[in-house]
Amino acid sequence: VQLQASGGGLAQAGGSLRLSCAASGRALGKYNVVWFRQAPGKEREFVAGIWWTGGSTNYADSVTGRFTISRDNAKNTVYLQMNSLKPEDTAVYYCAAAARAVRRWDSDHEYDYWGLGTLVTVSS
């Protein structure tokens, strides 16, 4: 499966953006999908994940209550709605997928497929 992240851009603090992760090549419906991000000079970190059924989600503490991950398997797309953005949310955001059960959502080793990132910049 090939993944393509989009929707990044410039937002003001307190604003919103919605990222999309579109899949091609195979149906995304059987994959567990996550978003990671990497800020300049920092390691890549887990942001949010969604089970292939869509019935279970997981979030990093830093985004809980502000970000929402969802999926539309009919459109082969996973979304990340980001509200109440903060300057510290500035990063390149990547979507990734795994075709098997994930033991640790926050471990990037769990995911076999990665898309190119989309840059999110939040100004204060």
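The values are calculated or read from the model by the stated rules, or taken from the named source; none is laboratory data. Values in this document were obtained by computation on a predicted structure and should not be read as measured data. Glycine also receives a Cβ, built like all others from the backbone with ideal geometry; neighbour counts cover every protein chain displayed. Only protein heavy atoms, including side chains, enter the accessible area calculation; ligands, DNA and RNA are left aside. Shrake-Rupley method; radii C 1.70, N 1.55, O 1.52, S 1.80 Å.
Just to verify a result, which residue in region 23-59, among those that are within 16 Å of Lys75 (Cα to Cα) and of a type in the set (S, T, N, Q), is most open to solvent (accessible area, probe 1.4 Å)?
Once the filter is applied, the top-ranked residue is Thr53.
I need the strands (runs of 3 or more DSSP E) fully contained in region 5-124, keeping only those with at least 1 residues that are among the hydrophobic types (A, V, I, L, M, F, W, C) and in contact with a Pro (Cβ under 7 Å, 6 or more places away or on another chain).
118-123
Over 16 Å from Val102 (Cβ atoms), out of contact with any strand residue (DSSP E or B) (no Cβ under 6 Å at 6 or more places or on another chain) and of a type in the set (Ser, Thr, Tyr): which single residue out of Ser84, Ser24 fits that description?
From the options Ser84, Ser24, the qualifying one is Ser84.
Need pairs with beta-carbon distance below 8 Å; first residue at pLDDT 95 or above and within region 111-124, second among the basic types (Lys, Arg); sequence gap 6+ or separate chains.
Partner pairs satisfying both residue conditions: Val120/Arg37; Val122/Lys86.
Using the structure shown, decide if Ser84 is of a type in the set (Gly, Ala, Ser), at pLDDT 95 or above, open to solvent by 30 Å² or more (accessible area, probe 1.4 Å) and on the phi > 0 side of the Ramachandran plot.
Yes.
So which of Thr68, Thr64 ends up being of a type in the set (Ser, Thr, Tyr), within 14 Å of Ser20 (Cβ to Cβ) and either touching an Asp or Glu at 6+ places or on another chain (Cβ under 7 Å) or modelled with pLDDT of 95 or more (or both)?
Among Thr68, Thr64, only Thr68 is of a type in the set (Ser, Thr, Tyr), within 14 Å of Ser20 (Cβ to Cβ) and either touching an Asp or Glu at 6+ places or on another chain (Cβ under 7 Å) or modelled with pLDDT of 95 or more (or both).
Over 17 Å from Gly25 (Cβ atoms) and among the β-branched types (Val, Ile, Thr), is that true of Val120?
When the stated conditions are applied, Val120 passes them.
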